[in-house]
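In what follows, a single structure is set out as structure tokens and then discussed.
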Amino acid sequence: MDALPLMVSVLRGGRFVYLNSAAVSGFGYRSAGELLGKPALEVVDPSARTEVSGRIESGRSAGAPGQVGEALCLRPDGSRFLAETISLAVEFEGASAVLAISRDVTERKRAQEELVRAKEAAEQAMRARSDFLARMSHEIRTPMNGILAAWRMRPVAVGPETAVEAVRAAHARGEPFRVVLLDASMPAVDSAALIEDLRRVQAGDTLPVVLLTAGARGPDRNRSGMLAMLPIVPKPVLPSNLLETVQAVTAAEFGVHARGAAQPRRGAARPLQVLLAEDNSVNRTVANRILQRAGHQVTAVEDGRRAVTALARGRFDVVLMDVQMPELDGLEATRIIRAAEAEHGGHVPILALTAEAMGGDRERCLEAGIAYACR
């Protein structure tokens with residue numbers, strides 16, 4: 001046993017009666033004589049002695065299964081290492097004893113802990129990425145909703161996890177969707193399978209799908225080739241490309257130019273004085289341009305507090321109010337505006353700008369005094 005690279009020791013009555021060379025050096029001693037006759041617990045860190053003592057007692061019974069465990073060991077110089085040990089009941093020199101075979105697993109344990117930390121860090125990064133994508137999805141969908149609404153469409157923005165339910169609900173109301181705009185590069189989403197599910201729900205009806213892709217070539221051909229057959233609109237999305245593609249797949253006219261400007265109509269309403277409260281600069285710019293192209297005069301502010309101040313200083317025909325803003329959110333700003341109207345008179349229509357689809361949002365908007373919640 002002395003030639004074995006593993007740390008081998010024999011205990012009787014909880015004391016060392018044999019140690020091979022690897023055990024002597026592993027425990028930090030120069031010769032076996034320094035440990036022979038001494039309690040085995042002497043090489044164990046005080047924090048682990050109770051557990052190791054019980055393991056030694058269990059290993060004394062003849063025929064008992066081997067006891068395997070880890071324990072922190074203490075060397076004479078004060079250094080510590082983690083030992084993995086199997087203990088077996090044996091006969092040694094004509095008497096019952098416990099055979100302990102150990103190995104230093106400190107580095108292996110450290111590597112395992114590093115792997116666990118790396119895994120946790122990766123999971124945290126994935127959660128952060130998912131949160132970022134969710135926020136970006138909100139910020140990207142909101143200006144596109146404004147463009148579609150300006151074309152007199154009724155956009156409904158949903159995530160991939162709720163898309164099927166949205167189509168099912170619309171179909172049940174007898175108002176099936178006329179086209180689906182699908183981001184082809186969503187993480188962990190099988191676009192082909194999602195399209196099949198959407199079309200299965202709206203059975204018997206055509207459901208055109210337009211893919212929004214990161215490049216002009218579109219997604220790679222999948223096993224059925226379905227995605228390669230669908231019309232695509234490259235990102236960043238140009239309104240003219242989007243409109244032309246939607247018109248082509250639905251064979252519909254929405255009364256707009258290819259560049260996205262609304263066609264003038266006879267008997268059009270007078271230009272309006274519009275107060276736009278939106279904290280996101282991209283959304284604010286898009287909404288501002290759409291309103292100005294329609295002939296309206298726009299005053300744009302970036303939070304609810306400035307919206308309240310602007311209304312106190314000027315007259316507006318309508319207010320477009322983002323619900324979620326810093327300083328003062330849209331709901332609280334509306335409550336302040338309605339309270340001032342109740343005291344001094346007057347009333348201005350306020351429309352909520354929100355991409356949220358949580359239950360109760362519409363009720364909260366109406367309770368605050370916002371006439372209509374639009375997505």
Checklist entry - Check Gln202: other-chain or 5+ apart residues with amide H under 5 Å from its amide H, H built from backbone geometry? => result none
Checklist outcome for this item: Expressed in angstrom and rounded, the centroid-to-centroid distance over alpha carbons for the stretch 278-306 and the stretch 1-42 is 81 Å
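Quick note: the coordinates plus some simple rules give every number you see, no bench work behind them. As the structure is a computational prediction, the values presented were derived from the model and not from experiment.
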